[in-house]
Amino acid sequence: DGRFAVFENPSWIGEAVVYRRTTPGEGPTLQVELAHLPADVVMVPPGTLDLLCTADCEPRAATLERVGPEEIVVTVDGGEGGLLVVAEQNQPGWSVEVDGTPASPITVDGMNIGVEIGPGPHEVVLRYRAPGLRLGIALSALSLLAVALVALGVPTAVLDRIRRRAAA
């Protein structure tokens with residue numbers, strides 16, 4: 001009928017947020033558990049990170065810049081440390097650096113990518129490299145070379161030389 005509705009998430013802070021409270025959780029009940037969490041708490045796999053903020057635990061926004069399709073730079077202006085969460089799906093292939101030092105990514109809320117940061121300002125760089133991409137490119141290049149050699153008749157010429165030497 002031509003009507004549409006626009007909804008706003010009042011808890012939305014941005015694409016990059018620093019949280020100071022975590023709770024463990026994973027598995028099939030994750031979505032149900034997430035629906036009942038306070039807005040200042042995120043869920044991480046058990047045993048990864050236990051943040052227990054008790055005062056002034058409000059999440060704070062960080063500045064996110066998408067440098068390209070495979071690189072994100074997040075600037076955290078300072079404050080208490082915590083868990084920086086980026087609204088990007090955590091998949092194999094992501095690498096994270098905090099102030100130039102490699103760090104381990106953490107899956108947050110069952111899908112987003114996060115990384116622990118200490119107090120103070122930070123620059124966090126996330127890079128994605130598709131697993132198997134380099135191997136795929138190398139195999140494609142070798143296949144292209146093989147096709148080109150066959151098209152040029154190189155294998156036939158090589159086989160003819162081998163036959164002539166064997167016959168001699």
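The values are calculated or read from the model by the stated rules, or taken from the named source; none is laboratory data. Since the structure is predicted, the reported quantities are computational estimates derived from the model, not experimental observations. Cβ placement follows ideal geometry from the backbone for every residue including glycine, while neighbour counts extend to all protein chains displayed. Remember, those area values only see protein heavy atoms, side chains included, never the ligands or the DNA or RNA. Shrake-Rupley method; radii C 1.70, N 1.55, O 1.52, S 1.80 Å.
Within the set GLY136, GLY110, the sole residue that is modelled with pLDDT under 95 and on the phi > 0 side of the Ramachandran plot turns out to be GLY110. Taken together, the residues in region 18-50 that are among the aliphatic types (A, V, I, L, M), closer than 27 Å to HIS122 by Cα and open to solvent by 30 Å² or more (accessible area, probe 1.4 Å) amount to 1. If the requirement is being free of Cβ contacts under 8 Å to residues at least 24 places away in the same chain and either of a type in the set (A, V, I, L, M) or open to solvent by less than 80 Å² (accessible area, probe 1.4 Å) (or both), which of these qualifies: ALA55, ALA61, ALA87? The match here is ALA55. Residues considered: VAL96, VAL76, VAL6. Of these, the only one that is surrounded by 16 or more Cβ atoms within 10 Å (Cβ to Cβ) and farther than 23 Å from ARG129 by Cα is VAL76. Collect the residues in region 99-114 that are farther than 27 Å from LEU37 by Cα and either open to solvent by 70 Å² or more (accessible area, probe 1.4 Å) or touching a Pro at 6+ places or on another chain (Cβ under 9 Å) (or both), keeping them in residue-number order. If the condition is that a residue be farther than 27 Å from LEU37 by Cα and either open to solvent by 70 Å² or more (accessible area, probe 1.4 Å) or touching a Pro at 6+ places or on another chain (Cβ under 9 Å) (or both), then ASP99, THR101, PRO102 are the ones that fit. For region 116-161, filtering for residues that are acidic (Asp, Glu) and either in contact (Cβ under 8 Å) with a residue 24 or more places away in the chain or in a strand (DSSP E or B) (or both) leaves 2.
Would you list the strands (runs of 3 or more DSSP E) that sit entirely within region 1-67 and hold 1 or more residues that are closer than 17 Å to ASP77 by Cα?
Working: elements: 16-19, 22-24, 42-44.
By residue number, 16-19.
Could you tell me whether VAL158 is in contact with a strand residue (DSSP E or B) (Cβ under 7 Å, 6 or more places away or on another chain) and surrounded by 11 or more Cβ atoms within 10 Å (Cβ to Cβ)? No, not satisfied. Taking first residues from region 22-36 that are farther than 22 Å from VAL115 by Cβ and without any contact (Cβ under 8 Å) to a residue 40 or more places away in the chain and partners that are surrounded by fewer than 10 Cβ atoms within 10 Å (Cβ to Cβ) and not β-branched (Val, Ile, Thr), no Cβ contact under 8 Å between residues at least 6 apart in sequence or on separate chains turns up.
One line per residue, one yes/no per condition, for (1) polar (S, T, N, Q); (2) under 30 Å from VAL42 (Cα atoms); (3) open to solvent by less than 50 Å² (accessible area, probe 1.4 Å):
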residue: GLU116; (1), (2), (3): no, yes, no
residue: PRO119; (1), (2), (3): no, yes, no
residue: GLU123; (1), (2), (3): no, yes, no
residue: ARG129; (1), (2), (3): no, yes, no
residue: SER143; (1), (2), (3): yes, no, no
residue: ARG164; (1), (2), (3): no, no, no
